1. Quick check on my filter: what residues within region 246-278 are in a loop (DSSP other than H, G, I, E, B) and either at pLDDT 95 or above or open to solvent by 100 Å² or more (accessible area, probe 1.4 Å) (or both)?
2. What are the residues in region 53-64 that are closer than 24 Å to GLY111 by Cβ and open to solvent by less than 80 Å² (accessible area, probe 1.4 Å), if any?
3. Do the conditions hold for GLY145, that is, is it out of contact with any Cys (no Cβ under 8 Å at 6 or more places or on another chain), open to solvent by less than 70 Å² (accessible area, probe 1.4 Å) and over 28 Å from GLN367 (Cβ atoms)?
4. May I ask you to say which residue of THR204, THR210 is modelled with pLDDT under 95, polar (S, T, N, Q), crowded, with 16+ Cβ neighbours inside 10 Å and under 18 Å from the mean Cα position of the chain (by Cα)?
5. Within region 179-194, track down each residue that is touching a Ser or Thr at 6+ places or on another chain (Cβ under 8 Å) and not in a loop (DSSP other than H, G, I, E, B).
6. Check LEU308, LEU289, LEU283 and return the single one that is open to solvent by 10 Å² or more (accessible area, probe 1.4 Å) and not small (Gly, Ala, Ser).
7. When you scan region 122-163, how many residues do you find that are part of a loop (DSSP other than H, G, I, E, B), touching a residue at least 60 places away in the same chain (Cβ under 8 Å) and of a type in the set (Gly, Ala, Ser)?
8. In the list SER80, SER98, which residue meets the criterion of being under 21 Å from the mean Cα position of the chain (by Cα), of a type in the set (S, T, N, Q) and modelled with pLDDT of 90 or more?
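The values are calculated or read from the model by the stated rules, or taken from the named source; none is laboratory data. All values derive from a computational prediction rather than experimental measurement. Glycine gets a Cβ as well: all are built from the backbone with ideal geometry, and neighbour counts include every protein chain shown. The accessibility values were calculated without ligands, DNA or RNA, using every heavy atom of the protein model including side chains. Shrake-Rupley method; radii C 1.70, N 1.55, O 1.52, S 1.80 Å.
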Amino acid sequence: MKRIVMAGIGGIIGGALLATQVAGPLLAQERVRTTNVYEQLDLFGDVFERIRNQYVEEPDTAKLIEAAINGMLMSLDPHSGYMPPDDFDDMRTQTRGSFGGLGIEVTQEEGFIKVVTPMDGTPADLAGVEPGDLITHVDGESLMGLTLAQAVDLMRGPVGSEIIVTILRDGVSEPFDLSIIRDTIRLQAVRVRTEGDIVVLRVTTFNEQTFPNLRDGLNEAIEELGGMDQLGGVVLDMRNNPGGLLTQAIRVSDAFLEQGEIVSTRGREDDAGERFNAQAGDLIDGKPLVVLINAGSASASEIVAGALQDHRRAIVVGTRSFGKGSVQTVMPLRGDGAIRLTTSLYYTPSGRSIQALGVSPDIVVEQPRRQPIEDGESEAAPRTRSENDLRGRLENNDMSEDERRQMEEERQKAEDVARLRQEDYQLAYALDILRGLTALNGQR
């Protein structure tokens, strides 16, 4: 009995020693980390006091603290940052679809301000700003050394005022200036048009109006064509779309999927991730779908392209997308400001992270830059001669009027696509693919 009691006591002591040996170092490490944090906060307080008391001019302490907060966030990644009350209000206005500015989405890359994309029909777009442009100066003032927020502040100004931005563009040897007139940006989230029996959905941004605009515009276009049976297919054009609301990306993806995962997010903790799945119902009943993307397609537009590509629901055409695969959470703070903090990465249904990689199209199609027409040159290609031009030709009397009319309609469609190819080569390519799929499927 004594042996059993002694063995039990020995086991308790051994367990206590083992627990002390394991837990002791962990607790010590935590205490060291906590002490280091407090020491660094004391260091920050010391620096703050020295600046406030000894700087050559009396500083604005509120601005000092704001700059410190923003610097801390900007050191994490280009998409995290502090939003003062005015910026927070602007952000909420943008998600509703109307705001003032130039109409460009920018990021910071190795100290340079880089254009993600100019938004359709905005002052920046009309002035000729292109995705990938580097903005080096604003009104002659260099942006080097400024934070992204500071550079954006320089580009803001009253509606109707002029701004001169200096652009460094790949393929152009020298920087050049562009004059842009600031304006109120009213974004139409989705523009709808038809090309023959194909509906083209031009999605420019993902705000609160995106899915309602897409659904209503698509339904109206199908009705004008004469019903779903007359629809040849849909082009979802998301080129130069900088993204926006995750919820809208999910709804747009769901519009063309019957089931399956759309996107998942994974955060720092294992249980912080989310998974979003499609609900039954395809707005175009499985008709062929082509998605257009380019280097200006970012964030939410990449979620849509990735989901439709992984489910083999669409053929993705164009060039590799921007590669913004992170999710930012906006957290309101005291004083009406907020922080925008990267809290997770998103993944396509196949488990791909597109962070810094982008979505690779199924068919790579570059958009050629239009060359100016030299004086005396004609844009139209010379007309080629055919049998119909020969004198004394045999007439084709075997075709009925209906057959002639159908042949003429097909010829007109081909000429329309050829003309579009001069204006928008990538879109014309997408239409060709859809018409080929329609022919293979035995549809109209």
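1. Initial filter on region 246-278 (in a loop (DSSP other than H, G, I, E, B)): 255-260, 268-269, 273, 278.
The answer is ALA255, PHE256, LEU257, GLU258, GLN259, GLY260, ARG268, GLU269, ALA278.
2. Kept after step one, since they are closer than 24 Å to GLY111 by Cβ, are these residues of region 53-64: 63-64.
Hit for region 53-64 is LEU64, nothing else.
3. Values: out of contact with any Cys (no Cβ under 8 Å at 6 or more places or on another chain): yes; open to solvent by less than 70 Å² (accessible area, probe 1.4 Å): no; over 28 Å from GLN367 (Cβ atoms): yes.
When the stated conditions are applied, GLY145 does not pass them.
4. Numbers: THR210 fails: modelled with pLDDT under 95.
Unique residue meeting the criteria: THR204.
5. If we filter region 179-194 for residues that are touching a Ser or Thr at 6+ places or on another chain (Cβ under 8 Å), which is where we start, we get 181-191.
The answer is ILE181, ASP183, THR184, ILE185, ARG186, VAL190, ARG191.
6. Numbers: LEU308 fails: open to solvent by 10 Å² or more (accessible area, probe 1.4 Å); LEU289 fails: open to solvent by 10 Å² or more (accessible area, probe 1.4 Å).
After ruling out the rest, the residue left standing is LEU283.
7. Pass one, region 122-163, residues part of a loop (DSSP other than H, G, I, E, B): 122, 128-133, 139-140, 143-147, 156-161.
After this cut, where a residue has to be touching a residue at least 60 places away in the same chain (Cβ under 8 Å) as well, the list is 122, 131-132, 147.
Then keep just the ones that are of a type in the set (Gly, Ala, Ser); that gives 132.
Residues flagged as part of a loop (DSSP other than H, G, I, E, B), touching a residue at least 60 places away in the same chain (Cβ under 8 Å) and of a type in the set (Gly, Ala, Ser) within region 122-163 amount to 1.
8. Exactly one of SER80, SER98 is under 21 Å from the mean Cα position of the chain (by Cα), of a type in the set (S, T, N, Q) and modelled with pLDDT of 90 or more, namely SER80.
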